[in-house]
Number of protein chains: 2
Amino acid sequence: MKKLFLSVLVAVLGLTHAFPQSKTYLQWQTGYHKTLNIQPEKWLPSTVPGAVQLDVMLGENYKQPYWFGNNFEQFIWMEDQYFTYRTSFAKPVLKEGQKVYFHSKGIDYQFIIYLNGEKIFEQEGMFTYVDIDLTDRLKAQNELKITLFPVPTVPGSGNTSASYRENARKSVKPAVSYGWDWHPRLITRGIWDETCLEVRNASFIRSVWVKYNLDEKLQNAKLQAVIDGVSLNGTSYAWTMKSPDGKIVLSQKGVFNSDQPIIEVQLKDIKLWWPNGYGKQNLYTSTMELMKNNEVADLSEAKIGFRTIRLIMSEGAWVEPVLFPKTRSVAPATFQVNGKVIFAKGSNWVHPEIFMGLANRTTYERFVKLAKEANMNIFRIWGGGVTNKEAFFDLCDEYGILVWQEFPLACNLYPDEQPYLKVLEQEATSIIKRVRKHACLALWCGGNELFNNWSGMTEQSLPLRLLNKLCYELDPQTPFNYTSPLFGMGHGHYVFSDTANGGEVFQWMSKASNTAYTEFGVPGVANLDVLKAMMPANELFPPKTGTSWETHHAFGVWGENRWLELPFLEDYFGKMNNIEDLVVYSQLSQCEGYKCIFEEARRQKPYCGMAINWDFQEPWPCAANNSLINYPSNPKPAYYHVSKSLRPVLASARVPKFRWEAGDTFSCELFLLNDTFNAIPAGKMTAKLVYDGNQEMTFYTWNFDSTDGSKNIAGPTASVVMPVMKQNLFKLVLQVSGRPDLTSEYTFVYRGKEVVNVKPDSKYLAGIFE
Amino acid sequence: MKKLFLSVLVAVLGLTHAFPQSKTYLQWQTGYHKTLNIQPEKWLPSTVPGAVQLDVMLGENYKQPYWFGNNFEQFIWMEDQYFTYRTSFAKPVLKEGQKVYFHSKGIDYQFIIYLNGEKIFEQEGMFTYVDIDLTDRLKAQNELKITLFPVPTVPGSGNTSASYRENARKSVKPAVSYGWDWHPRLITRGIWDETCLEVRNASFIRSVWVKYNLDEKLQNAKLQAVIDGVSLNGTSYAWTMKSPDGKIVLSQKGVFNSDQPIIEVQLKDIKLWWPNGYGKQNLYTSTMELMKNNEVADLSEAKIGFRTIRLIMSEGAWVEPVLFPKTRSVAPATFQVNGKVIFAKGSNWVHPEIFMGLANRTTYERFVKLAKEANMNIFRIWGGGVTNKEAFFDLCDEYGILVWQEFPLACNLYPDEQPYLKVLEQEATSIIKRVRKHACLALWCGGNELFNNWSGMTEQSLPLRLLNKLCYELDPQTPFNYTSPLFGMGHGHYVFSDTANGGEVFQWMSKASNTAYTEFGVPGVANLDVLKAMMPANELFPPKTGTSWETHHAFGVWGENRWLELPFLEDYFGKMNNIEDLVVYSQLSQCEGYKCIFEEARRQKPYCGMAINWDFQEPWPCAANNSLINYPSNPKPAYYHVSKSLRPVLASARVPKFRWEAGDTFSCELFLLNDTFNAIPAGKMTAKLVYDGNQEMTFYTWNFDSTDGSKNIAGPTASVVMPVMKQNLFKLVLQVSGRPDLTSEYTFVYRGKEVVNVKPDSKYLAGIFE
C-alpha cells in the first residue's frame, strides 16, 4: 500500500439538524482500477460531493467543459472500471459517551467501505444514507476507503441509443444516465451528497416525523411526533412548535420512555399550507430538543405544513363508460387539497445536472423560483432521473410547488426477482421515510410509462406491488399510482405537427379527452448563447448530422429530424437562412404550441385535472429539446409564454389551426379561464387581429357572465374573414375591459401572395403582451 | 339464569387433518333478545352448522320452505335482534399434556363467546376461524354461549332494494344477503361451518403450507413445508409425499427446531396439475406426522398440485394505444398456466344456498362436477357472496376448475377507516392463508365492480391497497387484481336485446373488443317444475307484478320488465298463451344468446382471454334469472347449450342477427375454434339451413387448413337467399366431415307471411345436436 498523504481536517459546526454535534468534512482522493482487489495506479484529488468522472477530468486534463461538443465520450471507458475513494483522519477527541459516525447522504451506486483495510460495510443503492458508528474501530490515525463497483449492466441488453437503458433494468440506478433522447450516455458514479465524520453525544436523534390528522373542518389537528434515536429512553425532551408568524403554539416537556418514542399532542387553529396560487405556504417550525444535565444534547428542527391531499375523480369521469360491455371508469387524476379541487399545472422535472454531486440548494432554488414565477404548482419528478436531495423538498415546501415523486423506474421491464426486489425495497423505504415529512409531497408513483409496450410491466409486476405495499405501510395518507399514464391520463405528443397523429397540436389537442396531460411537449432550439457555448463555431450553421447538433439531440431522435424538426420549420416559415432565423422560428413554434396545449388542457377542466409539460429544464445543453429552460438555467421564450398561459385567470381562445391562408375565415372559441377559488364578475372580452405591424381589426365582443370560483366560462365562436396581409405572422389578441392582466396573445402564420417574412420582436420573446 | 338441559356429547374420531385428536360436536340451543345483556325468553333447538333464521323457522313453526313465495319476509324482524347460542358439556377426560379447544370454522358475523358466564373471546368477521384453548378454564360441567350482534348496518344508507346493500359497506359481511337483483333481503347469521370441541395433544400442528418453486422447465421443484404449530420445537416429524399414482416420492424425518419450522427439500420429475381440458389434475399427497414416544401425536395431510399461473397480456394488447396523447395499455387478462396460454371459460359462482350453513361437500360437488361436464375451467367467486368452505377448494383442485377468488367487497364504497380496515385485514389474512394452498387458485381480486360509478372506489382506496399488500406478503406468486372489470375487460350486457345498447346480443357482442368478458348474461325463465315449486299455482300464469314472480326477480329489476323481458319475448315469439310457451321461448332466447356470447368471445381469441358468464347457479329459486342452473341444482337448457359452446374444438358461426325476415340473405362468418394444445388437421365444413321440420339447404362448403394448437381459424362469410319458410324457427347447422363431435347448431327466428309458431323439441332443450 502506498503511503497516504496527510489529510487536512476541516471541522465545522453542524447546522439545523445536528445542533451540538461536530461535522468534519474529509479530504478525499480518487483512483480507478480494473478489478476489485487491486489498488489504483494513481490517486487524483477528489471533490466531494462530486463524481469520479469529474475527478478524472480535472486530474488528467480532460477536455472541458464536459458538456461541450462530444466531450462526454471521454468518460465511456470508465463504465467497467472500479473506483476507490480514500481519505485519512486522526481519531477525534471525544467527551464521555460521544461517538464518531461516518455519514453519507449518497454514494452512487454499489460500493464497499473499508476502515484501516477491513471491510466494514457494503451497499447497493445511491439513495439510502450510510451511517456507521466507527468509534470502537478507530485507531489514532485511520484510513477510510470506499470502492465503487462498475456501473450496473444487464447482459444481453441492447447497445443502441434507444435500448442501452435496458442495462438499468435490474438495478435502482436511475436509467437516464444510460442515455435518453435528451441525455448523453454518461453514467455517473461517486459520492454525490453530503459526506462527513460526525461526532455525536451518547443520546441523539436520528429523525423526527411529525404526523398529523386534521379534523373535518381542517381547523385542529392531532399531532404525533414519531422519533427515531439512539439511547433516548430516559432522557428529557422539550418539543416546541412555532406558528408561521413566529409565535410559540406548542411547548411540551417530558421524558422519553423508549428509543423510538411517539409523542401525541393536539394543535388548534391551524393555518393551512396551500400550493402556489391557492393560498399561503404556511410552515410551522418544530424543534425537538434532547436535554441532558440541563444542556441541549441534540436538536432536530423541521418545517411542517398542514394540509390534506387526495387524488379524486374529476367531474364527468364517473359517467363513463356508458355502454355494455362496460370496462372500469378512468383512474382518478384530479388533486383535492384541503378539501378543494385544484388544477395541477406545472412541469416534468429532470435532474438539473448530469452530475448531481454538483447540485445544491442554490441550484434547486433557481428552478423552484422559476416554477413559482411561471404560475406553476406542481413538479412531476420523472422516474428516469435522480431523486432529489433534501434541499429540493424544503424549497418546494417554501414555494408551494407540489411534488409528484416517482421511484427510480422508467421505460424498462424491471424484474420479479429477489435480488432486485431487495434493493428496491431498501431504496424505496429510504426515499419514503425521507420525503413523507414534506407538505409539498402530493403523490407517490411507481415510475414512468411502465404500463406501455416499451416497458412491458403490468399491475401484476412485483416491483410495483412492492412499492404499493411500502407506501401503504409508511405513508398511507399520500396517494399512490403505479405509473403514469394510468387509464384516462395522456402522455404526448412531443412535436408541433405530425400528420400521422392528426396534424398540428391545434388539431390533435382539441380532440383529445384525457383526465390529465402529464407529459406533452413542443421542441424548440436552444437560445443562441447556449448554442454558441455548447458547440464549435463552425458547426453552428447550417445544422448537420454528425456534429454537436446530433450529439446534443437535434437529429436522430425518434427518427431523422427530431428534435430540430427542420422540415416542419421550413414548411411553415420558409428556408432557414441563418442561425438567427432558425432559433427564432423554432422558438416561436415552441411558444405557440405550448400555449395551445396548456390552455386547451385548462379549457377541458373540470374533466381534466392536470397539465404537466415535458419538460422544465435539462441536465446539459440540448441543441433542440422540449425543455422550457436551457442548461444551466436560461429560460427559453416558451418559459415566459407558458407563464402567461398559467396565469390564475386569463382570456383564452381555442383556435382550429396555426397556419392560415389568404381568404380564410379566421375563427376561435372564446373562454375565460379561472383557476382561483374566487368568483369573476361579469365583463366584456374583445377579440382582434393584429397584423402587418400595427394594423388592427377588432371582430368580436363577448359579454360574459360572472362565474364561480374554479369555474371556466366557455364563450361563443368568433369568426371573421381574414384581411389581406403583407407579413407572414399575425396575432390574435384577447382583451378584457378593465383587466389588462387577463390579455392573451397568440401568433399565427399567414400565407398569401407577396407575403414578407418577419420575425417576432424582443417583447414577444420575453412573453410580454400588450 | 335458567336451568340448562343436559347436553348430549357426541364424540367422533377426527378425520384427515387431525388424526389422533377427538372431536366433540355439541348440541346447541338458540334464542333471541333485544339487548346485549339480557337472556332470551325462550330457547329453541339449534342445528349447527346452520343459521338462526332456520332455528326460529323450525322452532316457531314458520312457513316453509323459506324460499317459497314471499316466505323470506318472515325473517326481516330478526335483523336488529341479538341471538345467543348455548350449549353445555362435561370436561373431557384428558391424558397428560392434552388440551381442549373450542374450534369453529365460521360464526356469522359479530359475536362474543362466554364460558361459564365469563367473556372469553370476541370477534367481528365470519371467515376467521375461532380456536380457543379452554383447558384451564373448564369446570366439571360447563356452559358455552355465543352471542351474535344484530346485522351490521350503516346509518343513512338507502332503504330501496337497489340501495339497501349500502348497509354492508362498513363491514366484511357479504353484501348479497342485503338484497340483490336475484337475491331476497335475507341477512343470514349464525354458526355456519364446522364447530366442535377438540382434544389435542400437547404438541400439535395448526397448518402446513407446502410452497414450491418450479424450475424453468417445470420439471423439478424446491419445496418448503411452512408449518405452524404448538410446542413443535424438539418433536420429531416424518414428512412423506405420494405422487398422483400413489408412489412415495419423498420421505423425510427429522426434529423440528421451532414451533414455526420450515422444511426444505427438492422434488424431481414433477407431474404437473392442469385445469380441466388442458391435462390431468395431478395431485400429490403430503403427510406431515408428528411423532412422540414412537406414536403419531398429530398428522396433517394435504393435496398438492404443482403448477405456475400468471396473468399476462394477450396477443395484440401491447400494440395499443396507437395515437398521442397515449394512455396506458390495457390490464393483462389472459391466464398462462404452466407456461402455456389457456382460454379461461366458465361462470360466475354465487353461493349455492342463502344459508351457507346448509352447504357441504355434497352441495359443492354437484356444481363443480356440472362445471367440468360443461367444459368449463374457471369459476369467478363473485365478491358479493360468501367465501366458500374448504371442501369447495378441494373439489376445484380435483376437478380442475380454476378459482378466481374475490374478497367480500361488491358494489359499495368501502371506507378508508381504521375500524373497517382492521376487520378487513383480519378476514383477508384468514382467507389468503387458507386458500393459497390450493392448486386451483388462479387470481386474487379485491371485489366486484369497485371501479365503476355505482361503487365509487379507485386505486387510491385504502381497503384495496391493503388487500394488494396482504396478497403480496402472503401469496406473491398468485396474480392480484383490484377489481373486475379492469381497463380492457368488460362486464355486461345482461339481456338478449336492448336498443339503447346497440340492439341484440348478436350485434353488440360482435362489435365489442374486450380482453376478457368476465360478466355477461342472458335471462331465462326457470324450469317449469322449479316455477311450480316456488309459487302458489294461481300465480303461475300469467306472470304479474305483486306476485311471487316479482319477489323472485322476474319484474322490477333494472326497470319494469327484467328479468322476465316479456315485451321482448312477445315481440320475437308472439303472445305468450300459457306458461309452457313462456318457459320454452324464454329459455330458447337464453340458449341462443349465451351461445352467441361465449362463442364470440372465443372467436375474439387471442386478444380475448376469458369468457365467464353471469352466472352459474342461484341461492334460491329465481322465476327468471341469468343463471344456467336453477336452485337447488336443476340445469336449465342453457346449461347444455353453453356446454356445447365450450367444447375444446367446435365449428362456430358469427351471425349478424337473430330475427330474419322472408327474403333476407342469410349470412354467417365461419370459424373453427380450437382451445386445445393440439393441432387440428385440414378438413371440410358445411353450412346448412334446416327449417320447417325436415327441410335442409346446404349452402356453403369451406375447406379449412390445418391449424396449430390453441389457434382458431377464421373462415369465409357464407350467405344464401333465405327460402320461404312455414315455421317461425329455423336452424343453422355446421358440420365438419368425419368429426360429428364438432357439429354446431343455432336456432333463429323467421318472420314471414302465414308462419306457424313451433316450439323447440326435447332434443333442443337437452342441448343435443344432430
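Numerical summary
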{"quantity": "HN-Hα J in Hz across region A:476-482 - Karplus 6.51, -1.76, 1.60, θ = phi - 60°, x for Gly and Pro", "calculated": "x, 7, 9, x, 9, 10, 5"}
{"quantity": "Relative contact order (percent, whole number), chain A, Cα cutoff 8 Å, 6+ residue spacing", "calculated": "10"}
{"quantity": "Cα-based convex hull volume of the protein assembly as shown per residue, rounded to whole Å³", "calculated": "223"}
{"quantity": "Evaluated at q = 0.09, 0.11 Å⁻¹: base-10 log I(q)/I(0), Debye formula over Cα of chain A", "calculated": "-0.89, -1.27"}
{"quantity": "Summed buried accessible surface, chains B and A, 1.4 Å probe, nearest 100 Å²", "calculated": "4400"}
{"quantity": "Heavy atoms of A:Lys437 accessible to a 1.4 Å probe, total area in Å² rounded to 10", "calculated": "70"}
{"quantity": "Out-of-range pairs (alpha-carbon distance over 31 Å; input B:Lys105/B:Lys139; A:Lys292/A:Lys369; A:Lys119/A:Lys292; B:Lys688/B:Lys759; B:Lys595/B:Lys753; A:Lys170/B:Lys469)", "calculated": "A:Lys292/A:Lys369; A:Lys119/A:Lys292"}
{"quantity": "Stretch gain in nm, segment B:Glu696-B:Leu358, where the contour uses 0.36 nm per residue and the Cα spacing is subtracted", "calculated": "116.6 nm"}
{"quantity": "Probe 1.4 Å - accessible area at A:Trp614, Å² to nearest ten", "calculated": "20"}
{"quantity": "Amide H within-cut-off set for B:Leu250, under 5 Å, with H built and near neighbours excluded", "calculated": "B:Met241"}
{"quantity": "Compactness of region A:202-335, expressed as Rg and Dmax over alpha-carbon positions, Å", "calculated": "20.5, 73"}
{"quantity": "Whole-Hz ³J(HN,Hα) from phi, Karplus 6.51 cos²θ - 1.76 cosθ + 1.60, for region B:413-422, glycine and proline x", "calculated": "9, 6, x, 7, 10, 4, x, 5, 4, 5"}
{"quantity": "Helix axis angle, A:462-474 relative to chain A longest principal axis, alpha carbon, degrees", "calculated": "70"}
{"quantity": "Probe 1.4 Å, accessible area per residue of region B:226-329, Å²", "calculated": "48"}
{"quantity": "Under 5 Å, built H, 5+ apart or other chain: amide partners of A:Val210", "calculated": "A:Val226"}
{"quantity": "Between helix B:390-399 and chain B: long-axis angle, C-alpha atoms, 0 to 90°, nearest 10", "calculated": "40"}
{"quantity": "Solvent-accessible surface ranking, highest first, for A:Glu754, A:Glu745, B:Glu696 at 1.4 angstrom", "calculated": "A:Glu754, B:Glu696, A:Glu745"}
{"quantity": "Placed amide H near B:Thr327: partners under 5 Å, 5+ positions off or other chain", "calculated": "A:His491"}
{"quantity": "Region B:304-433 - convex hull of alpha carbons, volume per residue in Å³", "calculated": "157"}
{"quantity": "Square roots of five times the Cα gyration tensor eigenvalues for region B:286-370, Å", "calculated": "43, 23, 12"}
{"quantity": "Label-point separation in nm, A:Leu218 to B:Lys247, each point 7 Å along Cα→Cβ", "calculated": "7.1"}
{"quantity": "Three semi-axes of the equivalent ellipsoid, region A:437-493, Cα gyration tensor, whole Å, largest first", "calculated": "21, 15, 8"}
{"quantity": "Rg to Rh quotient for region B:621-702, alpha carbon positions, Kirkwood Rh", "calculated": "1.05"}
{"quantity": "A:Glu194 accessible area, 1.4 Å probe, all protein chains in place, Å² to nearest 10", "calculated": "40"}
{"quantity": "Global geometry of region A:567-668, whether rounded, prolate or oblate, following the gyration tensor of its Cα atoms and the 1.5 cut on a/c", "calculated": "oblate"}
{"quantity": "Peptide-level mean, for A:481-487, of C-beta atoms on other protein chains within 10 Å", "calculated": "4"}
{"quantity": "Carbon/sulfur fraction of accessible area - the protein assembly as shown, other protein chains in place, 1.4 Å, %", "calculated": "50"}
{"quantity": "Cα→Cβ-extended label distance, 7 Å offset, between A:Ser207 and A:Asn578, nm", "calculated": "5.7"}
{"quantity": "Backbone N under 19 Å from the A:Asp269 label point (7 Å along Cα→Cβ), restricted to region A:238-253", "calculated": "A:240-252"}
{"quantity": "Whether region B:635-677 is rounded, prolate or oblate, judged on the alpha carbon gyration tensor where a/c under 1.5 counts as rounded", "calculated": "oblate"}
{"quantity": "For region B:312-325, 3J(HN,Hα) per residue [Karplus equation, 6.51 cos²θ - 1.76 cosθ + 1.60, θ = phi - 60°, Hz, x = Gly/Pro]", "calculated": "10, 6, 7, 4, x, 6, 6, 5, 8, x, 8, 9, 7, x"}
{"quantity": "Pseudo-label separations to other copies for B:Ser236 - Cα-to-Cβ vector, 7 Å, nm", "calculated": "6.4"}
{"quantity": "Kirkwood Rh and Cα Rg combined as Rg/Rh, region B:135-274", "calculated": "1.16"}
{"quantity": "Heavy-atom accessible area, 1.4 Å probe, ligands and nucleic acids excluded: residues of region B:296-335 down by at least 50 Å² from chain alone", "calculated": "B:Trp318, B:Phe324, B:Pro325, B:Lys326, B:Thr327, B:Arg328"}
{"quantity": "Projected area averaged over orientations for region A:684-770, convex hull of C-alpha atoms, nm²", "calculated": "6.6"}
{"quantity": "Accessible surface, 1.4 Å probe, highest first, among residues A:Thr362, A:Thr686", "calculated": "A:Thr362, A:Thr686"}
{"quantity": "Taking region B:212-275 and dividing mean pair separation by its residue count, relative contact order in percent (alpha carbons under 8 Å, at least six apart)", "calculated": "41"}
{"quantity": "Rounded FRET efficiency, nearest 0.05, which uses the C-beta distance separating B:Gln418 from B:Val255 and R0 of 25 Å", "calculated": "0.05"}
{"quantity": "Mean Cα-pair separation over length for region B:665-770, i.e. relative contact order, pairs under 8 Å, 6 or more apart, %", "calculated": "28"}
{"quantity": "Ranked order, A:Val130, A:Val758 - accessible area, probe 1.4 Å, largest first", "calculated": "A:Val758, A:Val130"}
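The values are calculated or read from the model by the stated rules, or taken from the named source; none is laboratory data. Not measured: the values here are computed from a predicted model. Virtual Cβ from ideal backbone geometry, glycine too; neighbours counted across all protein chains shown. Heavy atoms of the whole protein, side chains included, go into the accessibility calculation; ligands, DNA and RNA do not. Shrake-Rupley method; radii C 1.70, N 1.55, O 1.52, S 1.80 Å.
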